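The values are calculated or read from the model by the stated rules, or taken from the named source; none is laboratory data. None of these values were measured; they are calculated from a predicted model. Cβ: placed from backbone, ideal geometry, glycine included. Neighbour counts: every protein chain shown.
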Amino acid sequence: MPVPVPRQRAIPAVEGGQAHAASAPATLHSADLPRQATDDHDHSTAAARTAHAARATDATAPVDTPAAPAAGLTLLVIEDDPTGSLSIPEMPDSSGGPTRVRTARNLTEAARLLTDDVNCILLDLALPGAKARADGDELETLRHILRLAPRQAVVALTTSGDAERGAEAVRVGAQDYLFRDELDSRLLGRAIRYAVERKRADIAQRGLTESRLRAQENARLERGLLPTPLLNGSPLRFAAGYRPGRSRALLGGDFYDTVRTPDGTVHAMIGDVCGHGPDAAALGVQLRIAWRALTFAGLCGDELLSTLQQVLEHERADDEIFATLCTVDISPDGRRAGLCLAGHPSPLIASPGRAATLLPYQNSGPALGLLPKARWPRMQVELGASWSLMLYTDGLIEGRIGEGNQRLGQEGMVDLVRRQRAAGLTGDALLEAAMNEVRDLNGGDLTDDVAVLLLDR
């Protein structure tokens, strides 16, 4: 026989009970029901079938979803019937757990009884306050419950002559609706479990969609922050490679840029902000943009780096943050270059008939942000008629080799590039092969960001 709705805590339902309410068997508008149970209400079955299909499709979404109850269900019934005519029939539970029922007479009580272990809410649309308001919204109470319980399934209860209102409740956000005066244990149990699983599937799908949108937005943002070289009119060929140390990121604390000024000089730079994550990436972008603006303004060498240090000091979040930098300005005839190093590894140069080697590191200055009155001498370098110049960050040389703590280092990188050039690799293919071999020697992905820039003449 029916179990009357308790007014406070839940009671367990009898396992395997087949009791029925005194009224007629429930009519559940769901695609799970036999056709004879829904023939009289064809106007509502389309929405239910659509919801059932969505549940079947979305339930496989690989995102974090609310855990299913270990045993039994917890229901919150929101209704105000002083005669107590609304009864929750005994519902068989396949897991062997009890069906716990709580009831609330109003929204205040509902808010108090709505805890995380509630799986489903049965809301009587005839609840005082649920009727039409002055603005014509007949489902304001339902909307309030949906805002109050975003992770719980909701089944609306209405009278048998008000199927249209029940269908509207589903359109507003309820998982299903039932006729209040036709509750039956079998169909009610199916409706509740269907509503709970559909809600779980909806949450999973929404989380998956939000994650995909965030990933797309981040990808667009980070791609937009990567530089586009400005080398119009220059005979030099440009190539660059970038691999951030952060998992699933496109941009890290390393940065680079290349521009050609109106006098024909080609300026290139590469840098590395200490640390990882979005803060380091943002600071790197700020320094890169400042470098480009200052370069077009005519600054070079020590004057340029001193100004960049001021930018770093004003933009960094912590006084201990610093950045290394390497700048190269190549003369219009391409045979000479000025080199400034601010705590950064020296570039690598190679030419036909001449093995790859490192440019001089003497007279280099400290990293930006370490010494307030530091100076960065500009060294003159002879390049020759034909050459390849590779600028890189320390992520390329600090990967491990072997099982111990030994690092690749600059000498190991030079040998690596020599072998690949001997194999005929140039441009993008050379950079891709170099980064792949460094990763393989490390035994997996590198923990530090890697940026490489190549200029060929």
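One table, with the values for the structure above:
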item	result
Residue in the stretch 320-339 that is within 23 Å of Gly245 (Cα to Cα) and loosely packed, with under 14 Cβ neighbours inside 10 Å present	yes
Selection status of Leu146, of a type in the set (A, V, I, L, M, F, W, C), part of a helix (DSSP H, G or I), within 15 Å of Leu123 (Cα to Cα) and in the same structural domain as Ala111 (by TED's automatic domain parsing)	yes
Asn106 vs. criteria modelled with pLDDT of 80 or more and over 16 Å from Leu188 (Cβ atoms)	yes
Checklist (1) surrounded by 14 or more Cβ atoms within 10 Å (Cβ to Cβ); (2) of a type outside the set (Asp, Glu); (3) at pLDDT 95 or above applied to Gly399, failing item	(3)
Selection status of Leu368, crowded, with 18+ Cβ neighbours inside 10 Å and in contact with a Phe, Trp or Tyr (Cβ under 7 Å, 6 or more places away or on another chain)	yes
Among the candidates Leu425, Leu453, residue that is outside any helix (DSSP H, G or I), aliphatic (A, V, I, L, M) and over 30 Å from the mean Cα position of the chain (by Cα)	Leu425
Pair list, Cβ under 7 Å, 6 or more apart: the stretch 341-356 residue on the phi > 0 side of the Ramachandran plot, other residue in a strand (DSSP E or B) and buried (at least 21 other Cβ atoms within 10 Å of the Cβ)	Gly343/Thr324
Candidate set: the stretch 156-178, residues that are among the β-branched types (Val, Ile, Thr) and over 32 Å from the mean Cα position of the chain (by Cα); chosen: the one modelled with the highest pLDDT	Thr158
Number of positions in the stretch 109-141 that are at pLDDT 75 or above and either within 39 Å of the chain's Cα centre (by Cα) or not assigned by TED's automatic domain parsing to the domain that holds Arg190 (or both)	20
Matching residues, the stretch 410-436, being in contact (Cβ under 8 Å) with a residue 12 or more places away in the chain and small (Gly, Ala, Ser)	Gly412, Gly427, Ala433, Ala434
Pick from the stretch 362-414, criterion among the small types (Gly, Ala, Ser), assigned to a loop (DSSP other than H, G, I, E, B) and touching a Leu at 6+ places or on another chain (Cβ under 9 Å), ranking: farthest from Leu305 (Cα to Cα)	Gly402
Hits in the stretch 241-284 (condition: part of a helix (DSSP H, G or I) and at pLDDT below 90)	Pro278, Asp279, Ala280, Ala281, Ala282
Asp318 within 28 Å of Pro235 (Cβ to Cβ) and in a loop (DSSP other than H, G, I, E, B)	no
Residue list for the stretch 173-196, filter: among the charged types (D, E, K, R) and touching a strand residue (DSSP E or B) at 6+ places or on another chain (Cβ under 8 Å)	Asp176, Arg180, Asp184, Arg190, Arg193
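This table checks each residue for (1) of a type outside the set (A, V, I, L, M); (2) at pLDDT below 95; (3) more than 41 Å from the chain's Cα centre (by Cα); (4) more than 30 Å from Gly424 (Cβ to Cβ).
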| residue | (1), (2), (3), (4) |
| --- | --- |
| Phe322 | yes, no, no, yes |
| Leu325 | no, no, no, yes |
| Val328 | no, no, no, no |
| Gln362 | yes, yes, yes, yes |
